[in-house]
């Protein structure tokens with residue numbers, strides 16, 4: 001019987017400093033055969049571990065269309081993420097996953113897509129964004145609205161430039177009031193306000209929202225006002241998790257286990273959950 | 001055919017089991033506690049109690065257990081699987097409520113993927129339960145659909161019929177094989193119906209009223225009111241035979257370490273706190289509601305089983321005198337005569 005708590009071993013092949021305290025690792029399987037067999041879909045998450053420090057949970061930030069590696073982006077905050085940050089290229093870490101459900105990307109074919117992200121919540125959407133951009137012909141207009149506290153806190157700065165330069169992507173970036181620099185050309189304002197101003201059409205459109213609970217709370221009513229039906233709005237939730245397998249008992253919202261039945265939910269599903277976010 | 005086990009034969013029962021390579025566990029005095037613990041001989045067995053202070057769960061889901069070990073050298077890591085965690089054993093003298101907790105917990109530990117640490121211990125351990133001949137005011141097994149002589153979860157059930165005599169019933173094939181392997185220890189039953197000494201556990205609330213009420217009352221003043229005295233110590237979750245929440249942490253030196261699964265509990269503030277400091281269950285009332293909801297609503301919806309066996313340990317051990325059956329009585333009463341929600 002397999003040990004469900006046993007991680008794959010992975011090696012760091014590249015790293016990028018994204019923002020203060022935020023880093024991206026590119027990971028390759030130490031065992032190539034495991035890497036060849038490994039499959040995941042956009043929206044899934046994993047438990048990353050630094051041996052000697054423990055495990056922590058975050059999404060897979062790279063697209064499943066790019067099979068050679070996995071990327072993860074994390075903010076240095078606690079014991080494990082501080083230890084992660086100390087690792088160097090070539091170092092080994094543990095990876096347990098992929099866990100959870102997925103974004104139903106195939107159902108979105110032929111539709112417009114609006115991605116809305118705040119702060120460190122762009123990584124879970126980056127996976128879907130690249131997945132959809134790698135299959136660009138299958139979708140109509142793609143809009144990305146992304147905000148962070150300050151200009152420095154925006155993650156994936158190079159990719160934001162790349163998306164901005166593309167004709168087939170409409171990128172709107174914003175920073176919270178006071179977070180702008182003199183040469184900032186994006187918007188200034190909170191994400192819900194900027195979404196309201198950007199007025200993405202809700203006709204034949206799917207919205208994918210991810211951010212801190214407070215941002216989601218204020219963005220969902222804006223989308224409703226713009227005419228988005230609740231079942232056309234997707235989000236991905238993150239709760240504290242230890243096992244990722246529906247056993248350790250802490251990530252539930254009411255009867256729903258975020259690790260197994262989530263992390264991807266529609267606004268409709270969320271509206272039926274008790275207020276325990 | 002029904003067999004008898006005489007108290008005077010406990011000694012040969014235990015030594016025969018040990019001869020067959022079983023580790024033997026039974027209720028045993030430990031200062032003023034009665035603990036299920038490993039015994040060397042039958043003289044250590046204590047039977048003059050309502051229920052052991054510890055539950056049976058720690059023999060299947062220990063307080064702390066290695067889920068993997070590793071060695072670290074420069075930037076290389078080598079993982080080693082834990083071995084020898086499932087030891088062939090007989091737990092003798094556990095209570096029917098404890099035994100029933102095992103099939104209840106099988107459901108979560110096998111949900112989608114199986115936790116081999118639980119599953120392999122379940123296979124290795126045989127449960128010989130003794131029906132309760134007495135109870136106390138905390139017991140409420142009959143309110144959650146069990147009985148002091150319930151068989152579910154046991155492999156063999158013994159019921160006292162006199163001060164030195166038990167009637168033996170095999171419940172599972174595993175139990176039958178155990179008894180078969182111990183010829184000579186058990187006696188044949190004389191004819192006649194034995195007088196079973198089984199406790200009468202008072203029914204405290206109507207369980208069928210609880211879930212429908214919980215379905216409607218996620219928001220209700222009772223959650224805060226009842227939990228105001230809770231100090232959040234989590235003792236209730238640790239003594240509970242069906243509380244199964246755990247944490248996973250690393251313990252290590254510079255060159256080697258273990259990844260360890262430890263008991264955790266929903267009554268702790270840190271249990272659900274996000275890295276950002278945001279906490280979905282930030283008050284003790286919310287955490288108390290989670291405990292009740294998990295046991296009597298969520299688990300029922302997921303696994304068609306109540307996550308409570310009515311052992312009453314949580315209430316016995318609570319330093320603030322929170323009593324789960326009182327809570328359920330309040331709920332059952334509210335369900336019949338709804339009061340003010342706010």
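The values are calculated or read from the model by the stated rules, or taken from the named source; none is laboratory data. Only a predicted model underlies this, so the values are computations on that prediction, with no experimental measurement involved. Here the Cβ is made from the backbone with ideal geometry for all residues, glycine too, and neighbour counts use every protein chain on show.
If the condition is being within 8 Å of chain A (Cβ to nearest Cβ) and more than 30 Å from residue A:118 (Cα to Cα), then the range B:260-290 contributes B:261, B:264.
Listed here are the residues, each with its yes/no results for (1) touching a residue at least 12 places away in the same chain (Cβ under 8 Å); (2) outside the structural domain of residue B:260 (by TED's automatic domain parsing); (3) outside any loop (DSSP other than H, G, I, E, B); (4) closer than 24 Å to residue B:162 by Cα.
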residue: B:14; (1), (2), (3), (4): yes, yes, yes, yes
residue: B:65; (1), (2), (3), (4): yes, yes, yes, no
residue: B:78; (1), (2), (3), (4): no, yes, yes, no
residue: B:82; (1), (2), (3), (4): yes, yes, no, no
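Each row is one residue, and each column tells you yes or no for (1) at positive phi; (2) touching a strand residue (DSSP E or B) at 6+ places or on another chain (Cβ under 6 Å); (3) crowded, with 19+ Cβ neighbours inside 10 Å.
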position: A:146; (1), (2), (3): no, yes, yes
position: A:150; (1), (2), (3): no, yes, no
position: A:161; (1), (2), (3): no, no, no
position: A:174; (1), (2), (3): no, yes, yes
position: A:178; (1), (2), (3): yes, no, no
position: A:191; (1), (2), (3): no, yes, yes
position: A:198; (1), (2), (3): no, yes, no
position: A:201; (1), (2), (3): no, no, no
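Only one of the numbered conditions (1) buried (at least 16 other Cβ atoms within 10 Å of the Cβ); (2) farther than 18 Å from residue B:178 by Cβ; (3) more than 10 Å from chain A (Cβ to nearest Cβ) is violated by residue B:85, and that is (1).
Scanning the range A:233-242 for residues that are in a loop (DSSP other than H, G, I, E, B) and more than 7 Å from chain B (Cβ to nearest Cβ) yields A:237, A:238, A:241.
Listed residues B:100, B:60, B:92; which is in contact with a helix residue (DSSP H, G or I) (Cβ under 7 Å, 6 or more places away or on another chain) and under 23 Å from residue B:37 (Cβ atoms)?
B:60
A count restricted to the range A:7-26 and to residues that are in contact with a strand residue (DSSP E or B) (Cβ under 7 Å, 6 or more places away or on another chain) and farther than 12 Å from residue B:77 by Cβ stands at 13. Here residue B:77 fulfils each of the conditions (1) at pLDDT 95 or above; (2) surrounded by 14 or more Cβ atoms within 10 Å (Cβ to Cβ) apart from (1). Given the criteria over 14 Å from residue A:93 (Cβ atoms), crowded, with 21+ Cβ neighbours inside 10 Å, at pLDDT 95 or above and not assigned by TED's automatic domain parsing to the domain that holds residue A:135, does residue A:46 qualify? Answer is no for this residue.
Given B:101, B:69, B:114, which one is in the same structural domain as residue B:29 (by TED's automatic domain parsing) and buried (at least 23 other Cβ atoms within 10 Å of the Cβ)? Among B:101, B:69, B:114, only B:101 is in the same structural domain as residue B:29 (by TED's automatic domain parsing) and buried (at least 23 other Cβ atoms within 10 Å of the Cβ). For residue A:71, the conditions (1) surrounded by fewer than 23 Cβ atoms within 10 Å (Cβ to Cβ); (2) part of a helix (DSSP H, G or I) are fulfilled apart from (2). The sole residue among A:87, A:93 that is at the interface with chain B (Cβ under 10 Å from one of its Cβ atoms) and in a loop (DSSP other than H, G, I, E, B) is A:87. Scanning the range B:193-219 for residues that are buried (at least 20 other Cβ atoms within 10 Å of the Cβ) and closer than 21 Å to residue B:340 by Cβ returns B:205, B:210, B:213, B:214. Screening the range A:120-228 for helices (runs of 4 or more DSSP H) wholly inside it with 3 or more residues that are at pLDDT 95 or above and more than 16 Å from the chain's Cα centre (by Cα) returns the ranges A:157-165, A:191-198, A:213-225. None of A:35, A:52, A:43 is over 23 Å from residue A:234 (Cα atoms) and either part of a loop (DSSP other than H, G, I, E, B) or within 17 Å of the chain's Cα centre (by Cα) (or both) except A:52.
Say whether the condition of being within 25 Å of residue B:59 (Cβ to Cβ), in contact with a helix residue (DSSP H, G or I) (Cβ under 6 Å, 6 or more places away or on another chain) and either at pLDDT 95 or above or within 14 Å of chain A (Cβ to nearest Cβ) (or both) is met by at least one residue in the range B:250-259.
There is no residue in the range B:250-259 that is within 25 Å of residue B:59 (Cβ to Cβ), in contact with a helix residue (DSSP H, G or I) (Cβ under 6 Å, 6 or more places away or on another chain) and either at pLDDT 95 or above or within 14 Å of chain A (Cβ to nearest Cβ) (or both).
What do you reckon, is residue B:293 on the phi < 0 side of the Ramachandran plot, in a loop (DSSP other than H, G, I, E, B) and within 11 Å of another protein chain (Cβ to nearest Cβ)? Against the criterion (on the phi < 0 side of the Ramachandran plot, in a loop (DSSP other than H, G, I, E, B) and within 11 Å of another protein chain (Cβ to nearest Cβ)), residue B:293 does not qualify. Of the candidates A:79, A:85, A:96, the single residue that is at pLDDT below 95 and under 18 Å from residue A:240 (Cα atoms) is A:79. Going through B:94, B:46 one at a time, which residue ends up being surrounded by fewer than 20 Cβ atoms within 10 Å (Cβ to Cβ) and in the same structural domain as residue B:12 (by TED's automatic domain parsing)? Step by step, each of B:94, B:46 is checked, and only B:46 is surrounded by fewer than 20 Cβ atoms within 10 Å (Cβ to Cβ) and in the same structural domain as residue B:12 (by TED's automatic domain parsing). The criterion of being touching a helix residue (DSSP H, G or I) at 6+ places or on another chain (Cβ under 8 Å) and either without any contact (Cβ under 8 Å) to a residue 12 or more places away in the chain or assigned by TED's automatic domain parsing to the domain that holds residue A:228 (or both) does not hold for residue A:120.
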